[in-house]
Each structure stands twice: as structure tokens, then as C-alpha cells.
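Notes follow the structure.
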Amino acid sequence: MSREKKQSFLGGTVILAAAVALVKVIGALYKIPLGNILGTEGMTHFNSAYNIYSVLLAISTAGLPLAVSKLVSEARALGRYRQSRKILRVSMWLFVILGALGTGLMLLFARELAGLMNDSLGYWPIKALSFSVLCVCIMSAYRGYTQGQGNMLPSAISQIIEAAFKLIVGLILAWYFVDLGLGLDVGAAGAILGVTAGSVIAMLYMLADHLRSRRDDPAGADVPTSSRHILRRLLAIGVPITIGSSGMSIISTLDQAIAMGRLQSVLGISEEAAAALYGEYSFGMTLFNFPSSFIPPITMSLIPAVAAAVARRDHRTVNRVVSASLRLIALLALPAGIGLSVMAGPILQMLYPAQPEAAVAATYHLQLLGIASIFVCLMLLTNGILQANDRAKAPIITMFIGGAVKLTMNYILIGNPEINIKGAPIGTLTCYALISAINLFLVYRIVEEKPRYLHLFGKPLAASVVMGLCAHFSYGFLAGFLGNALATLGAIAIAVVIYVALVVFLRIITREDLEMIPNGARLARLLHIR
């Protein structure tokens, strides 16, 4: 790979990583105020639609954009520009068909889908979200094509546009509909319309970018392969990735359906009351997903190094990269998860001042989900390591094992009147802990030089526990003379400073580790790490 191409690749990785970070921040600015507007019941109606939408999107777009990117990149590397354009045309037809089917399913069978979720009031949110499936499918075809050209900027910009319009339109409509007294289900539909508006605008941006850049595309003199051959290759690459990516979306959707059904049938409560109970768990889930959202940009930089070393049979480099990546994830995931667990109550009360009772009720859930988020981060990293070592089927198998355990535990625990919705985070924690344990065992088995897990996780865990204790006692001290919000922010700031000091003092991370991530050398100099 030439220097220019390598620089372009690293630049693209940084662009996408920055976009992911910004989109997640915008997402938090959307979900947290939305929880204050809709409350626990309204958020359940919102999630009923969004979980169905996530499944349909995962099935139609999880692996196929990557397949488009791979095929386009291969064709252009060989100077086959006509072939690359035909790949876009074939993939576009496939995406349009899949998107139309998804949109039609949500639009025409909204009442039946809401019934399957045991949430009849999810009807309007499901309808409001239906058109997004088609728009995102079309947009995904263009994203795959531009990424195959080595241009990550349009994808990054479209993601930011999508998130920004979701934030602005969704919050305004949700507040307006609830203020009019139209009901929490209609308010949730208003919030969902923000998602639809964002996907429409982002799709139009990707279309405009394609039309603008098409003029500079070389004509090419190659003879493209048949549409059937291209379609077969797209499916061969995309379907296995789709299965792995859609599994957890399907499990999450089934999880909500089971929880809502068991709450109503066993406890004998109304649909609205069940939605309010499940909404307490949803409040915790919003923050639970936050730490793991920053893991993919890190794995984008680390995992290709594993694949390259495996191809060269360079076992020492494989071990070095695997160990460094596990240590870096531990450094990020352990303090984030323990911090969320220890500070669950103050954080929720700070973020949801308009829903104080829900914030108190959700504290229990976040205390368990904070620990579960550590295992989600480990799962994502070990999935990548297994895939880089040509074990692509392993993450799919472990995911379904963990998912089956989660659904079974939730069915049993939520069905116990003394436990009810408190069983949901227990099932989630068990699920991801089990997947991570199996994945770590498989990683240990397949790499030649075995990673020393106690050495990798011991010091970060100790530093994180000390950090958590400092956060707890600092909050208790500051809350005596400051309000909850200032005391929470102050305790978090103190905990972060102490944790960073412990990382440097205990020499948990090395300069070599940091140099494996973008701008890592600069960070090492800043922290005086040798």
C-alpha cells in the first residue's frame, strides 16, 4: 500500500470515528430530553417502533453496504470503473426492493406489529417510522459506493445530518403533540417523525453528492460482469455479516415483547402500566448503550492489524495487537461501566429532572446495566478479533447462545411477581457476561501466544474500583452543600482525574499501545507515557 493510500485510509478512519462520536452525542441530546417529555410509558411506545425498525434495517442494510464497498473497491483497484457503476445499479435495485418491503410491512401491518410487541399504542409510532426504512436502504447503497471509492466524508456528513434533523424535528414535534394533549403514543410518533425527517434529508444529500461526483468518475473501457454474478457476490459477502448484526436486534425486539406480555399476563396490569414499568428499564438502557458506541472506531484501527499479522503468520504481532487492544478496551470500558453503576442515581436524577420518580426507579436498572456495558465492549472487541482470525461464525454462535439465555431468564424472572421488571437487567447482564466469557476463551484458544488476562485486566480493574469509590464518596461530600447536578459533575470530574493519575502511576498503558490508535503518539507525549 502506498503512503498516499495509507494516509487516505487512516484519514477515513478518523473521519468516521469523529462522525460516530458526534452522532452519539447528538443521540444523547435527543434521547435524554425525549425521556423527560414522554416519560416511561411514552418511551416504551417509542421503543416498540424503533426495535422493529432496527430489525428491518439490520436485515436489509447491516452487511450489504460493506459488501458494496468491498466489491467497488476491488473493481476500482483494477481500473474497472464501469464494473463499479454496475455494482451500484445492481445493489440499488436490491436495496430498493428490501426497503420497499420493510416500509410496506410497517405501514400496512402496523397494528399487527404493535400487537406482537404487546403494545397496541405503538401503532402510530410504527406508522410514522415506516418510510425511513426505504430512505435508509437507498442511502446505504450510496454510502457503500462512496466508501468503496475511499471517500468516507459523504457517509460521515450524512450520519450527522440524519442525527441533527432527528434531534430538532423529533423533539419539537414530541413536545408539541404532548402539549396539545394528544396522548403519549402520538407524542412518541412525533419523536419518530424526526427520525424519518432525518433519513429523508440525509438520503437527498447522498443522492446530490453522487450526482455531483459522478461527473469526475472515469469512463472506463472494461466489460462489466453479469448482474446475476454481482448479486451473488453481494449476498455471499453481506448475508453472514447481516446474520451476526441482526441477531441482537431481533433478540432485543423479542425481549421487549416478552417483557410486556409477561408483565400484563402475570401481574394482571394494564398495557399502559406495563409500558410504564418497561420504560423504567428503557431509561437505564439509554445510558447503557453509550460506552459501547465508542468501541467500533477503536476496533477499526486495531483489528486490521490483527488480520494483516494473521495473513503473515506473524504470531508475535498478533499477540501484541490482541493484548494491546484488550488493555485499551479495559481502560475505557471498566471505568465507564463502574462509573455508571456507582453514580447511577445521581446521573439519572440530573438527566431526567422532569421525571424524578422514573429516575429513582431506573437507578436499580442502571446499576446492573453499567456493569453489563463492560461486557458489551468486550464482546464487540472479541467479535472483531475472532473475525480477523477467520472465525466469522463464532460470534454468531455465541450471540445466539447469550440471546437464548437472556430471553429464557427474562421470561422466568419477569414472570415472577416479586421480581417483575427487575429481572430484565439481570438477564441482560448474564447474556453479555456469558458471550464475553466464551469469546475470551475462544480468543485464548486460537492465538499462538496466549494473552495473560489477569495481567491485562488486573490493574485497570483495580484503578476503576478506586475511581468508583472516589466518585461515590466525592458525591456524598459535595451533595452536602451543592445541588445534585453540580455534585454529580464534580464527583465525575474528580473521579476522572484520579483514574488518569492511576493509569499513569501504575504504568497500565504503554506508548506502544497508544501509538496503535489515531493521534496516540500525541496523547502519549501529553501524558508523559514512555
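Points to keep in mind about this one:
- Residue by residue, region 120-125 carries 3J(HN,Hα) couplings of 4, 6, x, 4, 5, x Hz when phi is fed to the Karplus relation 6.51 cos²θ - 1.76 cosθ + 1.60 (θ = phi - 60°); x denotes Gly or Pro.
- Each Lys and Arg adds +1 at its Cβ and each Asp and Glu adds -1 at its Cβ; summed about the Cα centre, region 161-275 shows a dipole of about 540 debye.
- Candidates I498, Q387, P353 compared by Cα position along the dipole of the chain: farthest toward the positive end lies Q387, with charges placed on Cβ.
- In the context of the full set of protein chains, residues of the chain present 44 Å² of accessible surface per residue (probe radius 1.4 Å, heavy atoms only).
- Computed [θ] at 222 nm, helices only, for the chain once each DSSP H run of length n ≥ 4 contributes -39500 (n - 2.57): -29500 deg cm²/dmol
- Candidates V376, I37, M409 compared by Cα position along the dipole of the chain: farthest toward the positive end lies V376, with charges placed on Cβ.
- The chain: relative contact order in percent, alpha carbon pairs under 8 Å with at least 6 residues between: 17 percent
- Pairwise centroid distance, computed over Cα atoms, of region 16-35 with region 414-446, Å: 26 Å
- Whole-Hz ³J(HN,Hα) from phi, Karplus 6.51 cos²θ - 1.76 cosθ + 1.60, for region 87-94, glycine and proline x: 4, 4, 5, 5, 5, 4, 4, 4
- Basic side chains Lys and Arg get +1 at the Cβ, acidic Asp and Glu get -1 at the Cβ, and with that the dipole of region 381-478 about its Cα centre reaches some 80 debye.
- Proximal lysine pairs, the chain, alpha carbons under 14 Å, eight or more residues apart or interchain: 4
- When +1 charges are put on Lys and Arg Cβ atoms and -1 charges on Asp and Glu Cβ atoms, the dipole computed for the chain relative to its Cα centre reaches about 2380 debye.
The values are calculated or read from the model by the stated rules, or taken from the named source; none is laboratory data. Because the structure is predicted, anything quoted here is derived from the model rather than measured. Positions of Cβ are generated from backbone atoms using ideal geometry, with glycine treated the same way; all protein chains shown enter the neighbour counts. Note: areas computed on protein heavy atoms with side chains; ligands, DNA, RNA excluded. Shrake-Rupley method; radii C 1.70, N 1.55, O 1.52, S 1.80 Å.
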